[in-house]
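The values are calculated or read from the model by the stated rules, or taken from the named source; none is laboratory data. All of these numbers come straight from a predicted model, not from anything done at the bench. Ideal geometry is used to build each Cβ from the backbone, glycine not excepted, and the neighbour counts take in all protein chains shown. Areas reflect the complete protein model, heavy atoms only, side chains present, ligands, DNA and RNA absent. Shrake-Rupley method; radii C 1.70, N 1.55, O 1.52, S 1.80 Å.
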Amino acid sequence: MTEWIEKIDSCDSTAAIEEIRIAVFGKKGVLAKAFAEMKSAPNEEKAKIAKELNEMKAKLNSALNEKKVILETQALKEAMKAEGIDVSLFSPLCERGATHPVMDTMDRVIEYFTNLNFSVETGPMVEDDFHNFEALNLPKYHPARDMQDTFYFKDETLLRTHTSPVQIRTMMNTQPPIRMIAPGSVFRRDFDITHTPMFHQIEGLLVDDKGKVSFANLKCILEGFLHYMFGDVEVRFRPSFFPFTEPSAEVDISCIFCKGDGCRVCSKTGWLEVLGCRIVDPNVFKAVGYKEVSGYAFGLGIERFAMLIHQIPDLRSLFEGDVRLLEQFR
Amino acid sequence: MIITKSWLNEWIDIKGKSGAELCKTFNSIGLEVDRHEVYSVPKKIVIGKVLECEEHPDADKLNVCKVDIGTSVRQIVCGASNVRADIYVAVATIGAVMPGGLKIKPVELRGIESVGMICSSTELGLPKLEDGIMVLDESIGSLKLGSELSQNPYFNDDLIELELTANRGDCLSINGVARDLSAAFDIEIKERPKAQIEEKQVGIGRILHLNHSKNADVDLMYKALKKSDFTLPLLLRLRLSMVEEVCQSAIDALLFYATYSSGVILRAYGYSAFPIEQEKAQITLAQDEDDYAVVQGLEKASTVGIVQYDSSRVTDEDEIMIIEASYIQPDVISRKMAEKKIENGPLFYRTSRGSEPDLDFGLEYCQELFNTYAQTEIYGGTLELRSSYEEKVLHMSIKDINNIIGMDVDKTYITQLLKNLGFGVLKSQTGQIVISVPQFRHDVSHDQDIVEEIVRLIGIDNIPSQAYSFTEKVHKNDASVFFAKRKHYRQRAADCGFFESVQFVFNERAVLQEFDFPLVEEKLDLLNPIAGTLDTLRSTLLLGLVEASSANTKVGRKQVKLFEVGSVFDAQRNESIKMAFSFSGADSVEGVRNNGKPNAIGFEKFVQIISNVIGDFELREVELSHGLAHPYQSAEMLVKGEVIGSLFKLHPSVAKKYDLESTYLCELDFDTLKFTLDVFSSFSKFQASYRDLSVVIPKSLKYADLKDVITQVQSAEVIRFYPVDTYESEELGDNMSLTLRFMLQSEEKTLEEEDITSSMDTILSALNKELGIALR
């Protein structure tokens, strides 16, 4: 029997080991034969022979199983080796597209203010003089209404020059308190390195009872907003003038490129102008029939934000559908 | 508005403030600093006097000068054409280093020793004032020989350019800027010493008469002067060149200087420009044909607030000149200009933003300049015409002011601040303030304006932020849903490999017309487009995508997948939102997997990818109304029987025109896209069976027709069916074989062979009956 142990040891394939298994443990195998022969042995020896045979059977069984595991593992290894590939050939090429940085920035701004329980409002792009200018305290002869700056239609309507008409429409349709933002496309008749005839704005408006809304509130919300958009920056307010709002201010952040040391982007000033804001002019409230209210408003250019955040150098490139630019924002 | 520190210092004492401090203050009070430059003359440049000046014996253009520089007399060779004896000059002495880096050393010029250099203004780093050397005069102070020019404040100055907002016409003068600084620093404006000017015995009324038909909205004031010749002093020339002003004559320059300093609009007329009646020149204020206020002489002399005509200027023959100060309210002149536009220039810029209304003050200042620099004889008295002006008075409570600002500001502080700005503060009750607005602040008309003044002078950065508290409100509306939906679909499109394009809402009318897209009605179209290629509103997103695809292909892109969500306009200019896709070139990225040879995008793959973005839809053959589409590869897209858009292959001739390979496009009504939450429906727990059916159909039969027939008769167990194979052969001729795969499943049990056969038989017999189709 021990010669089978040796055979198992020297076996080198799973097929060969199967042959051995049959030869040893099969119905006509050597073990079966040995047990059969045992029957003809004298009775007093039977117990001894049976014991020896059982021991031998266990020994053979474990040797066979061990060898089988070893051979199977080896066979698997070889099979896998044959399946080997050069993984470096397959560095992936991402086939995802990308959303536009301007639209993404717009969504981010919307999310911030809706989280603060502002409503989102929209209005038509083709506007009339009343909503775009007059109600905003921009008199008929104001330079900003010049043909040079505004796209007019032949029927005396125009393409809105800001999203402020949405504020007017919302105020005329509802009653205070109002907390809203108005995102959308706006149009100015200007086309050069730093201007495109269409761009995007978001304006915000808050109106409540007289005495409830202050300049200090306006500062507070904008500081929070600018930190959300630009991270850890300093925020500076400079008094300025917008025709339909007072008091007005322009808001700067410390330059995100040079951290305020002065560079090309901030024209060596260390500051970047990012938005305009104001306490709403009483004439505007008068135009929409509000009495005894107070409010603030602010507005920003989305392209400007997107260009600063993503460090995009050229405004016009944002409107060219150029995949070389867009694929950088996957 | 350009100012210099020394000029400003004539009006307010700011000697102790540095240039940087001034800039910081200007920024914080809303006069934005655009530019800050420092002028300084190097050391060892001293005042000298040319005692003698003789031609160089060996050089035509050189002169040999003896120059007294206080401590000694130096011989200096000078090449300037305007050098002569008895003039005061700036002398660079030995050891001086000029701004350009030149170091002054004794030199020999054509055999003659020259010890030092007589300087021009540009050699000193100043603006150019004249050809040749800079001739000094007493306008820059006493000319003590040998004194260093670097000690002279006029030559060591800060130049600051301010960007003024449109409402601050009052700061378009040195006087006005000084007034704002006075409030910012709480320093009083300098009292101007009343000049002792001797006027002629003869009064102005003896030589001049002012006529007016009706009272126009203008203020005019006149003074008559004997004309005398004079040269503009150095200081004025230096300042005018710093503010980049070039004047035709010394008189013009002096008037400009007076206006720039005081803010009052001033001009000079020649006496001969007016008709003489009863020995008096007749000045007439009239309205011209455009309803502008004009000063009339023999001809139109000037349009008030806009322009002076050349014929009324002071001529060489004139012995008398008439100086006019004028004021017109900015809203009056702006409105006129809006109603009837006429040619205008820098003067209108001033008057439409608000010039200084105090004409007495301006005229007096002007008279003082003429007296000082031109020793002019002046006729006694003035002639004037005043429009009515109603003083604005505002009553406010300190509490309201503080509520708007959001912090407590003291009444005394407010009072002082407003007074410094030139406002009148009248007596009032406790907690109240009564303010009279000066005429030069036409932009201040209500409470908020006053608060704005206070806010800017306090400095917004000094107001502590304070959170606003509010009552929560549900704010879900159509707009918020729209933006959420837009974001959802934009993300899905990007996930499926499309890049988002944002295009202008403009298209070229001729191109829209060429491809038969709807056009905005002519009478509703743009009046003043910015360019021919952007001359109308777009009625489709597709053209923009085709153009962008073309541009991308031209720079070597082998696959261009774009999408846009944006507004389009119909003939009546109604706005709607569309979503459009384009897919051009290779159907996948090149790589090992496709042996570097990906297929061109085809109909099937395009439809598949669009459905990955927007969900299931069905296609129906359609003839599209525009000319971009391939006539035999166009389809309407339907969801639950409703048309949501169309998709098509780009017409080969259009593709050729735009240099595009295989290109597919799709445009959808964004509103029809689903944006609701999905609802669960139950599904069978029993095993599904599949059964294929190959039928022979005529090639002309549309699958949609066949599908309709099956849909009508299919049993409830037929869950889904779809085509899986087509086969054509010579043997089949005009017919083809089509294999359909059916998925069958029951809610109640595992289907048995007879159930399946019965379902399939029903379908087969209907196909046979309706379309004459049989099994292959």
Using a 1.4 Å probe, how large is the accessible area of B:Glu621, given in Å² and rounded to the nearest 10?
130 Å²
Hey, in chain A, which Cys have no second cysteine's beta-carbon closer than 4.7 Å?
A:Cys11, A:Cys94, A:Cys220, A:Cys277
How much accessible surface does B:Arg573 have with a 1.4 Å probe, in Å² rounded to 10?
30 Å²
Just by accessible area at a 1.4 angstrom probe, what is the order of B:Lys190, A:Lys77 from largest to smallest?
A:Lys77, B:Lys190
Tally Lys/Arg at +1 and Asp/Glu at -1 over every other residue whose Cβ is under 14 Å from the Cβ of B:Leu232; what's the total?
-4
Please find the FRET efficiency linking B:Ser147 to B:Thr122, where r is the Cβ-Cβ separation and R0 is fixed at 25 Å, and quote it to the nearest 0.05.
0.70
Sum of -39500 (n - 2.57) over DSSP H runs of 4+, divided by residues of chain A (222 nm, nearest 500)
-13000 deg cm²/dmol
Mean separation of Cα pairs under 8 Å and 6+ residues apart, divided by the residue count of the range A:217-330: what relative contact order is that in percent?
17 percent
Take B:Ala704 and B:Asp755, extend 7 Å from each Cα along the Cα→Cβ direction, and tell me the distance between the two endpoints in nm.
3.4 nm
What's the local net charge at B:Ile460, with K and R +1, D and E -1, over the other residues with C-beta under 9 Å away?
+3
Order by accessible surface, 1.4 Å probe, largest leading, for residues B:Ser388, A:Ser88, B:Ser120, A:Ser13 comes to B:Ser388, A:Ser88, A:Ser13, B:Ser120
Note down the nm distance, to one decimal, between modelled labels 7 Å out along Cα→Cβ at B:Gln287 and at B:Ser625.
5.3 nm
7 Å from Cα along Cα→Cβ at both B:Ser682 and A:Arg108: what's the point-to-point distance in nm?
4.9 nm
Between the alpha carbon centres of the range B:382-415 and the range B:465-507 the gap in Å comes to 44 Å
Sites removed, the longest contiguous part of chain B containing no DSSP-loop chymotrypsin sites (Phe, Trp or Tyr not before Pro) with at most 11 other Cβ within 10 Å is B:1-679
Give the ranking of B:Thr757, B:Thr303, B:Thr726 by solvent-accessible surface, highest area first, calculated with a 1.4 Å probe.
B:Thr726, B:Thr757, B:Thr303
Stretchable slack from B:Asn82 to B:Glu522, in nm (0.36 nm times residue separation minus alpha-carbon distance):
151.7 nm
May I ask for the distance between the Cα centers of the range B:45-103 and the range B:532-558, given as a whole number of Å?
69 Å
State which entries of A:Lys286/B:Lys5; B:Lys554/B:Lys578; B:Lys144/B:Lys223; A:Lys28/A:Lys48; A:Lys7/A:Lys51; A:Lys39/A:Lys59 exceed 32 angstrom in Cα-Cα distance in the structure shown.
A:Lys286/B:Lys5; B:Lys144/B:Lys223
Check: the protein assembly as shown dipole with +1 on Lys, Arg Cβ and -1 on Asp, Glu Cβ, in debye:
2720 debye
Within 13 Å, Cβ to Cβ, of B:Gln416, how many net charges do the neighbouring residues add up to if Lys/Arg are +1 and Asp/Glu are -1?
-2
Report the calculated FRET efficiency for B:Ser387 and B:Asn599 (r = Cβ-Cβ distance, R0 = 56 Å), to the nearest 0.05.
0.10
Which residues' amide hydrogens lie under 5 Å from the amide hydrogen of B:Gln714, considering only partners 5 or more residues apart or on another chain, with H built in the peptide plane?
none
Looking only at the range B:152-181, which residues have a backbone nitrogen under 18 Å from a spot 7 Å from the Cα of A:Lys268 in the C-beta direction?
B:157-163
Where in the range B:14-37 does the label zone of B:Phe361 land, with the point 7 angstrom along Cα→C-beta and an amide N cut-off under 17 Å?
none
Full-extension gain between B:Leu638 and B:Lys558, please, as 0.36 nm times their residue separation minus the C-alpha to C-alpha distance.
25.7 nm
Rounded to the nearest 20 debye, dipole of chain B from Cβ charges on Lys, Arg, Asp, Glu:
1560 debye
One finds the C-alpha centres of the range B:242-303 and the range A:1-62 to be spaced, in Å, by 133 Å
P(r) tail for the range B:689-775, what percent of Cα pairs lie past 15 Å?
58 percent
How crowded by other chains is B:472-485, given as the mean number of beta carbons from other chains within 10 Å of each beta carbon?
5
Given A:Ser91, B:Leu62, B:Leu298, which one lies farthest toward the positive end of the charge dipole of the protein assembly as shown, if we put +1 on the Cβ of every Lys and Arg and -1 on the Cβ of every Asp and Glu?
A:Ser91
Provide the solvent-accessible area of A:Arg189, counting protein heavy atoms only and rolling a 1.4 Å probe, rounded to the nearest 10 Å².
60 Å²
How high is the FRET efficiency between B:Glu138 and B:Met407 when r is their beta carbon distance and R₀ equals 56 Å, given to the nearest 0.05?
0.60
What is the list of residues in the range B:313-350 whose amide nitrogen lies under 14 Å from a point 7 angstrom out from the Cα of B:Ser445, following Cα to Cβ?
B:329-335
222 nm [θ] for chain B, helices only, -39500 (n - 2.57) per DSSP H run of 4+, per residue, to 500?
-7500 deg cm²/dmol
Among B:Ser759, B:Leu109, B:Leu647, whose Cα lies farthest out toward the positive end of the dipole of chain B, if unit charges sit on the beta carbon of Lys, Arg (+1) and Asp, Glu (-1)?
B:Leu109
Can you list, largest first and rounded to whole Å, the semi-axes you get for chain B by taking the square root of 5 times each eigenvalue of its Cα gyration tensor?
84, 35, 29
Taking Rh as the Kirkwood radius computed over C-alpha pairs, what is the Stokes-Einstein D of chain A at 4 °C in a medium of viscosity 1.567 mPa s, expressed in µm² per second?
49 µm²/s
Let me spell out the model: positive unit charges on the Cβ of Lys and Arg, negative unit charges on the Cβ of Asp and Glu, origin at the Cα centre of the range B:45-155. What dipole size does that give, in debye rounded to 20?
340 debye
Sites matching trypsin sites (Lys or Arg not before Pro) across the range B:354-436 that sit in DSSP coil, with at most 16 neighbouring C-beta atoms within 10 Å:
B:Arg386, B:Lys427
Tell me, what % of the accessible area of the range B:199-385 is carbon and sulfur with a 1.4 angstrom probe?
45 percent
